[in-house]
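The values are calculated or read from the model by the stated rules, or taken from the named source; none is laboratory data. Remember, it's a predicted structure, so these values are computed and weren't measured experimentally. No Cβ is skipped: glycine too gets one built from the backbone with ideal geometry, and neighbour counts run over all protein chains shown. Accessible surface is based on the protein model in full, side chains and every heavy atom, while ligands, DNA and RNA are left aside. Shrake-Rupley method; radii C 1.70, N 1.55, O 1.52, S 1.80 Å.
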There are 2 protein chains.
Amino acid sequence: MTPAPIELHPVGHVRSPYKTRHDAPRQGRFSDTVSEIVIDEKYQPALWQIEGKKNLWVLCWFDRADRTVLRATPPGASAEKGVFAIRSPDRPNPVSLCMVDLLEVNGCVLKVRGLDAIDGTPVIDIKVYSAETDSAKER
Amino acid sequence: MTPAPIELHPVGHVRSPYKTRHDAPRQGRFSDTVSEIVIDEKYQPALWQIEGKKNLWVLCWFDRADRTVLRATPPGASAEKGVFAIRSPDRPNPVSLCMVDLLEVNGCVLKVRGLDAIDGTPVIDIKVYSAETDSAKER
């Protein structure tokens, strides 16, 4: 089976104080840095009633990632693991997953805390966080 | 700013008892259904040491989704919301996010519980779950 390629269209981009991959924290969630997500006007209806949501998943396209990397050694680890077993930004499809706190919504601009993406990173999706389905607690 | 389109390459596909969108549960996480994720051989190194991980995020490409939908009414809700404020499968870039329990690894095949994707759905990424960064608890 050789499935067809799939085309993503960025829905916006990140405005961040992190200018290079070196600046960005390993896990944005532990940082108090405030970033902005600028959604393209044509997608503004998709933000309807997002105010009041406390936590969002932000999916970005890590366009500086190395898509040929299949194994990597996480910081602090002593041995390589497959990229599907870790959170390396380098992976065959570098779609990042980062939970943020939503601080403010102004038109097409979301002010958020805890985003790990660097300035200019394309945003491909936003989803509301669900404590029920997104936690590993025993069911 | 009109960013360039981005090309994803599926890394595998789903084998599921759900054959149509109608069969699939609204949230796979609440189901005991067992599915298989079949990773293409060329990406097998990315599974290195994934055994022993209890929970994984599976990102799929919902190829049956309607990419023109920007607002939708969630089941049980009384009013429309923007798709970025909910978990509708219909959205501009239908990348799904589903947490699963990893039950077994056999070569390129992962047996998992709780996946919401229907049979044949392309898989684009797998990431290990991190209780630290992936929960909404106050920091």
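Quick notes
- Applying the criterion of being aliphatic (A, V, I, L, M) and closer than 22 Å to A:Cys98 by Cβ to the residues of the range B:118-139, the residue that is most open to solvent (accessible area, probe 1.4 Å) is B:Ala131.
- Here B:Gly76 clears all of (1) more than 14 Å from the chain's Cα centre (by Cα); (2) on the phi < 0 side of the Ramachandran plot; (3) without any contact (Cβ under 8 Å) to a residue 24 or more places away in the chain; (4) more than 7 Å from every other protein chain (Cβ to nearest Cβ) except the condition numbered (2).
- Of the residues making up the range B:42-55, none is under 26 Å from B:Ala131 (Cα atoms), more than 8 Å from chain A (Cβ to nearest Cβ), open to solvent by less than 50 Å² (accessible area, probe 1.4 Å) and at pLDDT below 95.
- Of all residues making up the range B:19-35, the number that are crowded, with 19+ Cβ neighbours inside 10 Å and either part of a helix (DSSP H, G or I) or modelled with pLDDT of 90 or more (or both): 3
- The residues in the range B:93-130 that are more than 21 Å from A:Arg91 (Cβ to Cβ) and either more than 10 Å from chain A (Cβ to nearest Cβ) or free of Cβ contacts under 8 Å to residues at least 40 places away in the same chain (or both) can be counted, and the count is 6.
- Residue count, the range A:58-73 (criterion: closer than 16 Å to A:Asp23 by Cβ, at the interface with chain B (Cβ under 8 Å from one of its Cβ atoms) and crowded, with 21+ Cβ neighbours inside 10 Å): 0
- Filtered by the rule that a residue be assigned to a strand (DSSP E or B) and surrounded by 16 or more Cβ atoms within 10 Å (Cβ to Cβ), the range A:106-117 gives A:Leu110, A:Lys111, A:Val112, A:Arg113.
- Condition met for A:Asp90 (closer than 17 Å to B:Val128 by Cβ, in contact (Cβ under 8 Å) with a residue 60 or more places away in the chain and not in a strand (DSSP E or B)): no
- Residue that is modelled with the lowest pLDDT, among those in the range A:123-135 that are touching a Lys or Arg at 6+ places or on another chain (Cβ under 7 Å) and in a loop (DSSP other than H, G, I, E, B): A:Thr133
- Residue among A:Val14, A:Val83 that is away from chain B (no Cβ under 11 Å), of a type outside the set (D, E, K, R) and surrounded by 20 or more Cβ atoms within 10 Å (Cβ to Cβ): A:Val14
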